[in-house]
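The values are calculated or read from the model by the stated rules, or taken from the named source; none is laboratory data. Keep in mind the model is a prediction, meaning the values are calculated, not measured. Positions of Cβ are generated from backbone atoms using ideal geometry, with glycine treated the same way; all protein chains shown enter the neighbour counts. For accessibility, only protein heavy atoms count, side chains too; no ligands or nucleic acids. Shrake-Rupley method; radii C 1.70, N 1.55, O 1.52, S 1.80 Å.
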Amino acid sequence: ASIGNFFRRSLRRSGRGGKEEAPAAENPSRVPQGRAGERSSLLYSAGQFFFEYLVVVSLRRMADGRYEPKITYQFPKRENLLKGQKEEEERLLQAIPLFCFPDGNNWAPVTEFTSETFSFVLTNVDGSRKIGYCRRLLPSGRGVRLPEVFCIISCLGCFGLFSKILDEVEKRRQISMAVIYPFMQGLRESPFPAPGKTVTIKSFIPESGTELIELTRPVDAHLEHVEFQALLQQLSPQLILHIFASAVLERRLIFLAQELSVLSQCIHAVAALLYPFTWAHTYIPVVPECLLDTVCCPTPFMVGIQMRHLERVLDQPMEEALIIDLCEGKILRAVGDEEEILPIKLQNEMLTSLNRHNNNNNVHTPEQVNSLVSEAFVHFFVRTVGHYASHIKWSKSGSGSFQERAFCKAIASRTNRKFVKKFVRTNMFSLFIEEAEKSRIPQEGNG
């Protein structure tokens, strides 16, 4: 029961005013035309710990011949915890293996395995979020053996930086587990860098000597947990817009792929397209096999499922959902109105912008791609709802009240207004405005 409750919290947490809010890949720290407060627990000031734990999850053969994932190594060991903290930690440590091996018991020893990197998100009792950065690899050795997962648990959202850390962990694993500990200890003692800054870790490797490892944080903090390139490689710009339109209206989205890395990267990218808004519902980049019935939820969700579960997913008694095949780059099931959700003029502008990127595929670095893609979608929100700040009425006490009718009436374009009237009813817009009403930054001309 306790692990079930933990999972339920991981999928969804209670937001303000009884609304649902769930882990998301991106959260706003800056918004167009004014700042609506810092809601994110994934955008951080410098100086924090890089991570809370490094755990190794291995497959253990059970009496019935099946393999079950178990934590076989944990650094650091936590001591002197209060009773409530200890119980919460135990639930966290029980949940991690299922997300590290979401494939269930579908394993057998192998001689070759291509390592893969993916991530998952869990939510604690207090609403704080933890991200699991995973590297699944085959330990060095001879003969058949089982893959294992190195999982770094952190409350910091920076996928590229943690991928580099996992590269170092994998390199050391091929030498000896004993070489990993001092590297992670050095990392734990180093401050998390500010955006655009670098931290240098000294690490000794037998026969190689002391290495200096530089870890640089991207300049643009809101894009450090996303790689839009992954999404553009799997889907056409037209399909990306259909998915964006469904996400904006908070519908149910199911992504299917063979590889865990493709699933987690693409879902993080879709959630990031919503910036400066935040996906406020169930969000599981990689669904463990034991949670496949999540697709039966009547509430909105954004989930990633391995392709081998396709038939099982399609057999579930689910409500209307957009089902996306990332392997073939096509939509398997749709509501049918995806092309009509976004204002056609703005939709065409975004399409032009995405196609321009595709035509210059080899010119841009991943950082440039992130910036170009994000800019196109932020511009969409600026054009449709960027005037929100001038429709917050401020009292003398400093509290704000959003004037929704006047806000919608102020939109000159009929097609834009039609879209915005639907968008203002979403949780993501409501949560965003609630923060704006608390920000106490009166705009010129407001009372």
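Only residues that are aliphatic (A, V, I, L, M) and farther than 15 Å from V56 by Cα were counted in segment 163-222, giving 11. Within segment 258-274, the only residue that satisfies the criterion of being open to solvent by 10 Å² or more (accessible area, probe 1.4 Å) and under 11 Å from H225 (Cβ atoms) is Q265.
Give me the residue from segment 210-231 that is assigned to a strand (DSSP E or B) and open to solvent by 20 Å² or more (accessible area, probe 1.4 Å) and, out of that set, farthest from Y275 (Cα to Cα). Steps first, answer last, please.
So in segment 210-231, the residues assigned to a strand (DSSP E or B) come out as 210-216.
Okay, now just the ones that are also open to solvent by 20 Å² or more (accessible area, probe 1.4 Å), so 210-212, 214, 216.
Values: T210: 41, E211: 38, L212: 35, E214: 29, T216: 23 Å.
Step by step, filter segment 210-231, then rank; the result is T210.
Beta carbons closer than 6 Å, at least 6 apart along the sequence or on distinct chains, pair a first residue in segment 401-412 that is open to solvent by less than 60 Å² (accessible area, probe 1.4 Å) with a second that is in a strand (DSSP E or B) for S401/K393; F402/I392.
Please work out which residue is most open to solvent (accessible area, probe 1.4 Å), limiting yourself to segment 275-308 and to residues that are touching a residue at least 40 places away in the same chain (Cβ under 8 Å) and assigned to a helix (DSSP H, G or I). So that I can check it myself, show each step before the final result.
Residues of segment 275-308 that are touching a residue at least 40 places away in the same chain (Cβ under 8 Å), as a first pass: 275-291, 294-295, 297, 299-308.
Pick out the ones that are also assigned to a helix (DSSP H, G or I) and you get 289-291, 294-295, 307-308.
Working: E289: 55, C290: 81, L291: 24, T294: 6, V295: 1, M307: 31, R308: 109 Å².
Filtering first and then ranking leaves R308.
Identify all residues within segment 132-174 that are in contact with a Gly (Cβ under 6 Å, 6 or more places away or on another chain) and either open to solvent by 40 Å² or more (accessible area, probe 1.4 Å) or farther than 26 Å from A108 by Cα (or both); write none if there are none. If you could, list the steps in order and put the result at the bottom.
To start, the set of residues in segment 132-174 that are in contact with a Gly (Cβ under 6 Å, 6 or more places away or on another chain) comprises 151, 153.
Residue satisfying the conditions is I153 alone.
The set of residues from segment 413-423 being over 8 Å from P343 (Cβ atoms) and open to solvent by 10 Å² or more (accessible area, probe 1.4 Å) comprises R414, R417, K421, K422.
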